[in-house]
Amino acid sequence: MDHAKLDAALEAVHRAGVPGVFAEVRAGAEVWRGAAGVADVETGHPVSARMRHRVGSVTKTFTAAAVLRQVEAGRIGLDTPIGHYLPSLVPGDRGRAITVRMLIDHTSGLAEYLPYAYPSLKAFPDLAATRPDSLDDHRYTRFDPVELIGMGVGAPPAGLPGGTPGVYSNTNYLLLGQLLEHVTGGSAEECITRDVIDRAGLRDTGFPTGTHVEGPHSKLYESWFGMIDPPRDYSVFDMSWVGPSASLISTVSDLNRFFKLLPAGEIVAPASLAEMRRTVRIISQEGKPIDYGLGLHPVESTDFWGHGGTVWGGGTLAATRADGGRQFAVAVNLQRWNRLDASGRPQPHPIDGALAALYREAMSWDTVANR
């Protein structure tokens, strides 16, 4: 890897407008870590590649792996209807039609619960109507996952069970959390910690026990499409609104370790990994068609597999080359920097291009494309 080019690409993301960005790239025994900008815009305290970070929906890969571990143990059937396990949460014909696999790959047809949990936010799908009020109103709200699931299950369906393209929905992963609780007798967080985080030896990864990120971390600045100006810090937040769907805290080093061990068969068995890489077409949270497997998706047109994630103020992308020979993880402390046009579509911003260039350098795009 070219350390100078990685340094320059990272610095370009900061110059484009992100207060702080940090990353790690691994290629075999070689490791590059970098950081640019600040963790606190008021004090000027620099950001560090060692900092802990809310990684958002990268959590889904961990949750999917935990479910597959239970499949391997014979406690869950990947193609068994969810109604077999949780008939009260997904009753009737839908409970009999939606399988565990459909929850993991977002082809269940269950709607996203967020617009119903945050009625004043109206975040999905009409971005033009969004307002940031609910971020402050619900900073310390403790949500009940069963109630959130009920909102998603009770909403108009996003599609037919098993139909494609599927629609990305956090309702699916809250149900997977309840499924893990049902078959293990403990919380989903306990199961994921025991079977995935501890198994991978991740010392700085875990679920929040309160509203704060413990240990060294950056503040997380939310712009909400320019409606919060200047962006405000939302690093203190009760993450029960996403739970085992997107609440994990980690470091770029821990994420790279996890994604190195995953293709090596040290998190789930090779047969389970093959299932994770079986993709279907879904519509992403950003409204774009993508290929999605079981908690994994290919990164653009490369042979890298991983997951991205966003929370209020924080963003992450982590991935591994299919053969396990290279990993990268990138974290930023600003979100929703794009302003919206009159129809509610996010407009291009220099940060978008700078991040894309950083990802390409982290993957050694030219090398990957021309191998």
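Read-outs throughout are calculated quantities, based only on the coordinates presented, and are distinct from any laboratory measurement. Keep in mind the model is a prediction, meaning the values are calculated, not measured. We place every Cβ from the backbone using ideal geometry, glycine too, and count neighbours over all the protein chains shown.
Points to keep in mind about this one:
- Only the Cβ atoms of Lys and Arg (+1) and of Asp and Glu (-1) were treated as charged; on that basis the dipole of segment 3-370 about its Cα centre amounts to roughly 400 debye.
- Sorted on the mean count of surrounding Cβ atoms within 10 Å across their residues, most packed first, peptides 65-73, 334-342, 133-141 read 65-73, 334-342, 133-141.
- Cα gyration tensor shape for segment 153-282, rounded if a/c is under 1.5, else prolate or oblate: oblate
- Given charges at Cβ of Lys, Arg, Asp, Glu: the chain dipole, positive-most of 298, 312, 344: 298
- Pairs of Cα atoms nearer than 8 Å and 6+ residues apart set the relative contact order; for segment 3-370 it is 25 percent.
- Ordering of 181-192, 49-60, 345-356, 16-27 by packing [mean C-beta count within 10 Å, highest first]: 49-60, 16-27, 181-192, 345-356
- Paired Rg and Dmax values of segment 236-327, which use every Cα atom, in angstrom: 13.7, 39
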